[in-house]
1. Hey, does the stretch B:214-226 have a residue that's in a strand (DSSP E or B), under 21 Å from the mean Cα position of the chain (by Cα) and without any contact (Cβ under 8 Å) to a residue 40 or more places away in the chain?
2. Criterion first (crowded, with 17+ Cβ neighbours inside 10 Å and assigned by TED's automatic domain parsing to the domain that holds B:ASN162) does B:ASP117 satisfy it?
3. Sort out which residues of the stretch B:120-172 are on the phi > 0 side of the Ramachandran plot and surrounded by fewer than 13 Cβ atoms within 10 Å (Cβ to Cβ), and write them in order of number.
4. Could you tell me whether any residue of the stretch B:58-68 is touching a residue at least 60 places away in the same chain (Cβ under 8 Å), closer than 15 Å to B:PHE272 by Cα and not assigned by TED's automatic domain parsing to the domain that holds B:ALA221?
5. Out of all the residues in the stretch B:67-94, which are under 16 Å from the mean Cα position of the chain (by Cα) and within 27 Å of B:GLY139 (Cβ to Cβ)?
6. Just give me the residues in the stretch B:64-84 being surrounded by 17 or more Cβ atoms within 10 Å (Cβ to Cβ) and charged (D, E, K, R), in sequence order.
7. Out of all the residues in the stretch A:14-37, which are among the β-branched types (Val, Ile, Thr) and more than 22 Å from B:ASN202 (Cβ to Cβ)?
8. Quick one: count up the residues across the stretch B:185-213 that are of a type outside the set (A, V, I, L, M), part of a strand (DSSP E or B) and either surrounded by fewer than 21 Cβ atoms within 10 Å (Cβ to Cβ) or modelled with pLDDT under 85 (or both).
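The values are calculated or read from the model by the stated rules, or taken from the named source; none is laboratory data. Since the structure is predicted, the reported quantities are computational estimates derived from the model, not experimental observations. Cβ placement follows ideal geometry from the backbone for every residue including glycine, while neighbour counts extend to all protein chains displayed.
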Amino acid sequence: MEKFLSIPVLDSNGTNSQNQLVSITGIKIITQTTDTAVRIDYVDGKQTLLTWPAAYSAPILLESVETAVKKALASGWTNVVEQYNPKGFVAGTAVEEEPGSAANTNPLTTIAIT
Amino acid sequence: MLSNMEKFINFKQLRVVKTGAADTPTGVQLKDATADFTTQVLPNAIVWDRTTNPTKGGEMYIVDTVTATELALTPIGPVSSQGTGVPNLATYNIYMPEYTVRQYGRATATEANFLVDATGVDFIAAGVKVGDSAYDITGAQTTTVTSVSVTKLGVADDIFVNNDYFLISANAADDHDKMIRSADVSLIENNLVGSNNNNQVNITYTSVNASGGEVVYAYSAEARDEDMRNALQDAVVASLETPWSAVAYDFPGLLNPASGTNATWLGGKDFFFLRIQ
């Protein structure tokens, strides 16, 4: 099954945010590496690093992501995308000038894949 | 379409409550002049010296007594790998398998059957609950919390007076969920078999690019080398036998029938997970 979390993250202008898909298929382990970062390690060796704008001591962010992953993987195979609002996130309104963007509060700062 | 199920084993991993670098011990101890252990550590905590004997997984201890800068220790783990104290400059991690510290502080008033701290603490926000332990560090006595407000705790015994240092703790392990993949496993084996390092089990995956998993655990002085490896193998099988929607299989725990110290070391529960990665 192919499954993704859809996570709000700051867009390129650094003010508003858009949702980005992060794969949760083939995860080996999830680790909170700092008070603001969670790393997803995949079984093929790739990694995705999620970075929060505010600090939460371990294991708060780890448990948040693990819970979201478990919930998404337990849903039916046609539910390909599960919305995940990161810890501290507050939904805002859509920004008309930037299709797909929203003036959210505390989206992820970055999602980096290595 | 062939597709593997996404399956995980969920462990209760102890949280690292303190790290640091040791000073020279004068016995089976951890000394650290920069530490204030009484604010974070209670007896039966686990100390992992990760520097000494690294090829055998380091050395582990449990805490007997606690002072501000010194922990008296008892070595645990494989007898041939046991240490004699955490040496100078060794880095250490401390874990709390029996208690979770809620709040440390100093009383600001004397009130019968209450602990008062008006320095800005918030006992409610700290998660203090009725039934938690209240340790009077200054008076070396322990009682039980009977009521909770922001700055005052009701206590069963009238032991606190003004200026007493205190530590409030829950009678439960300071741990959290940590899951690791149990699908696509190709091999589970002890780390460095034959080198007396049986506190780490390695998980190898079928992907050539996978870095593998590591499960590091603490246990008493005696155990069969293969106990944890066998338990992990059983857990992998059990997790894969559950329905696909049961994504995470809770590791059921493991007691150590081989240990002569089973009845006295941390209530007989002999295996504690320190690091899953």
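1. We begin by selecting, within the stretch B:214-226, every residue in a strand (DSSP E or B); these are B:214-218.
Next, from what is left, pick out any that are under 21 Å from the mean Cα position of the chain (by Cα): B:214-218.
Among the residues that remain, those that are also without any contact (Cβ under 8 Å) to a residue 40 or more places away in the chain are: none.
Scanning the stretch B:214-226, I find no residue that is in a strand (DSSP E or B), under 21 Å from the mean Cα position of the chain (by Cα) and without any contact (Cβ under 8 Å) to a residue 40 or more places away in the chain, so the answer is no.
2. Judged against the criteria, B:ASP117 is a match.
3. Taking the stretch B:120-172 and keeping what is on the phi > 0 side of the Ramachandran plot, we get B:120, B:127, B:131, B:140, B:163.
Selection gives B:GLY120, B:GLY131, B:ALA140, B:ASN163.
4. yes
5. B:LEU71, B:LEU73, B:THR74, B:ILE94
6. Result: B:GLU70, single match.
7. A:THR15, A:VAL22, A:ILE24, A:THR25, A:THR34, A:THR36
8. Of the residues in the stretch B:185-213, 6 are of a type outside the set (A, V, I, L, M), part of a strand (DSSP E or B) and either surrounded by fewer than 21 Cβ atoms within 10 Å (Cβ to Cβ) or modelled with pLDDT under 85 (or both).
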